[in-house]
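**Student:** Next up is a structure, given as C-alpha cells.
Taken together, the values in this text are just the output of simple stated rules run on the coordinates, not laboratory data. No experiment lies behind these values; they were computed from the predicted model shown. Neighbour counts run over all protein chains shown; Cβ positions are idealised from the backbone, glycine included.
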Amino acid sequence: AEPSENLMEVINTRLPKKIQGLLWLIGQKAQKEGFKVYAVGGFVRDLLLGVPNHDIDIVVEQDAISFARKIVKYLGGQIKEYQKFGTATITLKDGMKIDFATARMEFYPFPAAMPEVEETTIKHDLYRRDFTINTLAFRLNSDKFGDFLDFFEGSKDLEQGSIKVLYNLSFVEDPTRIFRAFRFESRYSFHMDDSTMGFLLNALENNVMQKLSGTRIFEEFQAIVLEPNPSVILIRALELGVLDNIFGKCSNPQQLKQNFKHTMDSIVCLKEKGILEKKDFILVYLLVIINSYPKKVFEIILKDFNLDKGSRIIIRNFFDVGLERIEKLKSNKHLDPSEIYDSLNGLSVHSLCAMMAIADNDLLKNRIFLYLEELHKVDVEITGNDLKEMGIKPGPVYSKIISRLRQQKLNGEIHTKDDELNYIKSLDLKERGR
Ligand code: CTP
C-alpha cells in the first residue's frame, strides 16, 4: 500500500465481516464524540500481509479510557481499565478483545530533520515503537475511515521483508525487542537490516539482557515457544550470544544447537500423538536450555522466572532423576517392559520430551513411545478390597503386591483379573502377609 492510499478495499476484502463492522462502529462513535482514533501495530501489519490477526489495537489521541468506556456502553461486554498506563481492554460478549491505548508522546524526540505534519500526536506514538513494520496505522474516524498512515516507510520494509528499528538505542531502551526481532524474522521469513543488526550487537556488548527481570525473560520465552518454529528463534538467540548474555557461558553451543533442533522434532511428534500441548512447550525448552548452562542457571530459573509450583517440581525432578535415566534407556542392554516403566514412571511428559531431544537416540525414543502409548496405561485390576477378602492383612504389603502384579502384567506374564488372583495365591505366605 502507498502512504497516500486508503485501505478500505483491503479492509473490505481481507477482514471478517464482524471485524469490519466493529471498526466502522468505533469510527462512527469517535467521530460523534470528538475523538481521533486509529487502528495500529500488528493488526495493520498482518492485514497488509494477508495474515489473520484478530487482536485489534487502537490508539486514541485523547483519553483512551474514556473512549473505551463509551464503546463498551455502546457494544456491551467487559472493560478493564489500566489508569497507570492510560489503556483499557474491552472483551466483547463473543470473547473478542479490543485494546485501547492513549497516544504517547514521551521518550525519544524526533530527529530534527523529520518534517512535521499535522498528525504530530499519532506520529510520535508510532515512532516510539519497535520496528518500522509495526508503525503502520489507519484512521477509523468515519470522515476518513481507512486512510493509511505510514510515516516511517513501514510498508516498504514490509514488502522487502526488512526488520528495522526506528532509532539507534531501541534495543538498549527495551532489550525484549531483541527477541521480538527474532520472532518476526522467523514468523515471516524476514531479516534485520545491517544497521539494525549492528545496533543489536552493540546492545549485547553492553550486556543489555542483564537489565531484564526473570519474569520479562520468561514472558519472552513464552511468546517464542508459541511461534511456528521456536527452535529456529532460539538457535538465532544462541548464535548471536543472546542466551549467553542472559545465562552465562553455554557449556557446548554446538550440542545445544542440535538439541534445539531435536526439541522441535520431539514436540511436534508428541503433539501429533496428542501427548503434549502447546502450553507444555515452554517447560521442555527450559529443560533443554538449563541442561547446557552452568548449574547456577538452574537456580536462577527456579528463583526468578515466576514459574508455578508444578513447573518447578518438574524441573527439579528432571535434573534429580530424569537426566541420569537417559544413559540406561539408550544402552543396548535388554530391558524388560517393567524396567522401562520403572525408569520413566514419575517423570512428566515435558521431561520425557526433553530426554528425547537431549539424547537423540532411536532406542531411547522407542522406549519412551512404548511407555507413553502402552506401559503407563497398564493397571492392576484387583483392589485393596479383593486383598482383604482374600484374608491378607492391610499394610505395606498391599502396595508391594500391587507393584509385583503390575510388573507381571507389564512383562506380559499375566493378563486378566483371574490371572492376578491366581498369581497372588501362588505367592508364598510370608509375602501375602499372613
Ligand atoms: N511494542 C514495542 N516494543 C515492545 C513490545 C511492543 O514497541 N517491546 C509495540 C509494537 O510496535 C507492537 C505493539 O507494541 O506492534 C503491540 O505489541 P504486541 O501486541 O506485543 O505486538 P504485535 O506486533 O501484535 O505482536 P504479535 O503479533 O506477536 O502479537
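**Student:** Size of region 212-377 along its principal axes in angstrom, Cα-based, largest extent first?
**Tutor:** So the extents along the principal axes, rounded to whole Å, are 48, 32, 30.
**Student:** LYS80: which aspartates and glutamates have alpha carbons under 13 Å from its alpha carbon, excluding same-chain residues fewer than 8 sequence positions away?
**Tutor:** Correct list for LYS80: ASP99.
**Student:** Separate question: If you take the square roots of the eigenvalues of the alpha-carbon gyration tensor of region 238-321 and sort them as a ≥ b ≥ c, do you get rounded (a/c under 1.5), prolate (a/b over b/c) or oblate?
**Tutor:** Oblate, because a/c is 1.5 or more while a/b does not exceed b/c.
**Student:** Could you calculate the FRET efficiency of GLU381 with GLU239 from 1/(1 + (r/R0)^6), where r is the beta carbon distance between them and R0 is 45 Å, rounded to 0.05?
**Tutor:** Once the sixth-power term is evaluated, E becomes 0.25.
**Student:** Hand me the GluC sites (Glu not before Pro) from region 276-385 located in a DSSP loop with no more than 15 other Cβ atoms within 10 Å, in residue order please.
**Tutor:** Filter output for region 276-385: GLU277, GLU374, GLU381.
**Student:** Something else: Using 0.36 nm times the number of residues separating ASN345 and MET390, minus their current alpha carbon distance, what extension gain do you get?
**Tutor:** Using 0.36 nm per residue and subtracting the Cα-Cα distance, I get 13.3 nm.
**Student:** So, one more: If each residue of separation counts as 0.36 nm, what is the full-extension length gain between ASP63 and GLU277 once their alpha-carbon separation is subtracted?
**Tutor:** Contour length minus Cα-Cα distance gives 73.0 nm.
**Student:** Need one word for the chain: rounded, prolate or oblate. Basis is the Cα gyration tensor (sqrt eigenvalues a ≥ b ≥ c); a/c below 1.5 gives rounded, then a/b vs b/c decides.
**Tutor:** The shape class here is prolate.
**Student:** Moving on to the next point. Want the number for LEU49 to LEU226: 0.36 nm per residue separation, take away the alpha-carbon distance, what's left?
**Tutor:** 61.8 nm
**Student:** Pairs of Cα atoms under 8 Å, at least six residues apart: use those to get the relative contact order of region 226-302, whole percent.
**Tutor:** Computed value for region 226-302: 38 percent relative contact order.
**Student:** Under the definition of Cα pairs under 8 Å and six or more residues apart, what whole-number percent is the relative contact order of the chain?
**Tutor:** Once divided by the residue count of the chain, the mean separation gives 10 percent.
**Student:** Here is a further query. Between the alpha-carbon centers of region 34-51 and region 64-89, tell me the distance in whole angstrom.
**Tutor:** Each part's Cα centre sits 18 Å from the other's.
**Student:** Between region 196-251 and region 324-399, what's the alpha-carbon centroid distance in Å?
**Tutor:** 37 Å
**Student:** Where does each of SER311, SER251 land when they are ranked from fewest to most other beta-carbon atoms within 10 angstrom?
**Tutor:** Lowest count first: SER251, SER311.
**Student:** Further question: By the scheme Lys and Arg +1, Asp and Glu -1, what is the net charge of all other residues having a beta-carbon under 13 Å from that of SER338?
**Tutor:** -1
**Student:** Helix 214-225 versus the longest principal axis of the chain: what angle, 0 to 90°, nearest 10, using Cα atoms?
**Tutor:** Tilt relative to the chain: about 90 degrees.
**Student:** Right, here's the next one. Mind pulling the angle between the C-alpha long axis of helix 349-359 and the longest principal axis of the chain? Nearest 10 degrees, somewhere in 0 to 90.
**Tutor:** For helix 349-359, the angle is close to 90 degrees.
**Student:** Order of CYS250, CYS269 from fewest to most other C-beta atoms within 10 Å?
**Tutor:** Lowest to highest Cβ neighbour count: CYS269, CYS250.
**Student:** Per DSSP helix of 4 or more residues, -39500 (n - 2.57); summed, then divided by the residues of the chain. What does that give at 222 nm, rounded to the nearest 500?
**Tutor:** Computed mean residue ellipticity for the chain: -16000 deg cm²/dmol.
**Student:** Using θ = phi - 60° and the Karplus relation 6.51 cos²θ - 1.76 cosθ + 1.60, list the HN-Hα couplings for region 89-105 in order, rounded to whole Hz, with x at every Gly or Pro.
**Tutor:** 10, 9, 10, 6, 4, 8, x, 5, 10, 10, 9, 10, 10, 6, 4, 10, 10
**Student:** Here is a further query. Tell me which of CYS250, GLY214, PHE260 sits at the most positive position along the dipole axis of region 202-277, charges placed on C-beta atoms (Lys, Arg +1; Asp, Glu -1).
**Tutor:** CYS250
**Student:** Also, quick follow-up: Quick one: angle between helix 176-188 and the longest Cα principal axis of the chain, in degrees between 0 and 90, rounded to 10, please.
**Tutor:** Result, in degrees: 80.
**Student:** Have a look at the DSSP beta bridges in region 8-160 and tell me what percent are antiparallel, nearest 5.
**Tutor:** Bridges in region 8-160 that DSSP calls antiparallel: roughly 80 percent.
**Student:** To continue, here is another question. Is the shape of region 8-160 rounded, prolate or oblate, going by the alpha carbon gyration tensor and its root eigenvalues a ≥ b ≥ c, with a/c under 1.5 for rounded and a/b larger than b/c for prolate?
**Tutor:** Oblate, since a/c reaches 1.5 and b/c is not below a/b.
**Student:** Any idea which of LEU75, LEU158, VAL60 is furthest toward the positive side of the dipole for region 19-160, if Lys and Arg beta-carbons carry +1 and Asp and Glu beta-carbons -1?
**Tutor:** Toward the positive end, the furthest listed residue is LEU75.
**Student:** Treat every Asp and Glu Cβ in region 19-59 as -1 and every Lys and Arg Cβ as +1, leave all other atoms uncharged, and give the resulting dipole magnitude about the Cα centre to the nearest 20 debye.
**Tutor:** 180 debye
**Student:** Using the Cα centre of region 8-160 as the reference point, and only Cβ charges (+1 on K/R, -1 on D/E), how large is the resulting charge dipole? Debye, rounded to the nearest 20.
**Tutor:** 740 debye
**Student:** For ARG404 paired with ASN361, estimate the spin-label separation in nm (one decimal), with each label point 7 Å from Cα along the Cα-to-Cβ line.
**Tutor:** 3.2 nm
**Student:** Let me ask something else. For the pair LYS70/MET8, report the inter-label distance in nm, with labels modelled 7 Å from Cα in the Cβ direction.
**Tutor:** 2.3 nm
**Student:** Please get the size of the charge dipole for the chain, origin at its Cα centre, with Cβ charges of +1 on Lys and Arg and -1 on Asp and Glu, quoted in debye to the nearest 20.
**Tutor:** Its charge dipole is roughly 1460 debye.
**Student:** Could you check what % of the DSSP bridge pairs in the chain are antiparallel, to the nearest 5?
**Tutor:** Around 75 percent of the beta bridges assigned by DSSP in the chain are antiparallel ones.
**Student:** Largest first and in whole Å, what are the equivalent-ellipsoid semi-axes of region 384-432 based on the Cα gyration tensor, each being the root of 5 times an eigenvalue?
**Tutor:** The answer is 17, 11, 10 Å, longest axis first.
**Student:** From the P(r) of region 328-405, can you give the percent of Cα pairs sitting at distances over 16 Å?
**Tutor:** Considering region 328-405, 57 percent of its Cα-Cα pairs are separated by more than 16 Å.
**Student:** With r defined as the distance between the Cβ atoms of ASP193 and THR91 and R0 fixed at 35 Å, what FRET efficiency is calculated, to the nearest 0.05?
**Tutor:** 0.40
**Student:** Between ILE79 and GLU374, take the C-beta separation as r, use R0 = 51 Å, and let me know the FRET efficiency to the nearest 0.05.
**Tutor:** It comes out at approximately 0.50.
**Student:** Would you mind computing, in nm to one decimal, how far apart the modelled labels at LYS261 and HIS334 are, each placed 7 Å from Cα along Cα→Cβ?
**Tutor:** 3.5 nm
**Student:** What are the ³J(HN,Hα) values, in whole Hz, obtained from phi via the Karplus relation 6.51 cos²θ - 1.76 cosθ + 1.60 with θ = phi - 60°, for each residue of region 25-39 in sequence order, with x given for Gly and Pro?
**Tutor:** Those phi angles translate into 4, 4, x, 5, 5, 4, 4, 5, 8, x, 10, 10, 10, 9, 8 Hz.
**Student:** Then there's this: Using θ = phi - 60° and the Karplus curve 6.51 cos²θ - 1.76 cosθ + 1.60, what whole-Hz ³J(HN,Hα) does each residue of region 235-250 get, with Gly and Pro shown as x?
**Tutor:** Each residue's phi maps through the Karplus curve to give 5, 4, 4, 5, 5, 8, x, 5, 5, 4, 4, 8, 10, x, 7, 5 Hz.
**Student:** Below 8 Å, C-alpha to C-alpha, sequence gap of six or more: please give me the relative contact order for region 93-243 in percent.
**Tutor:** 17 percent
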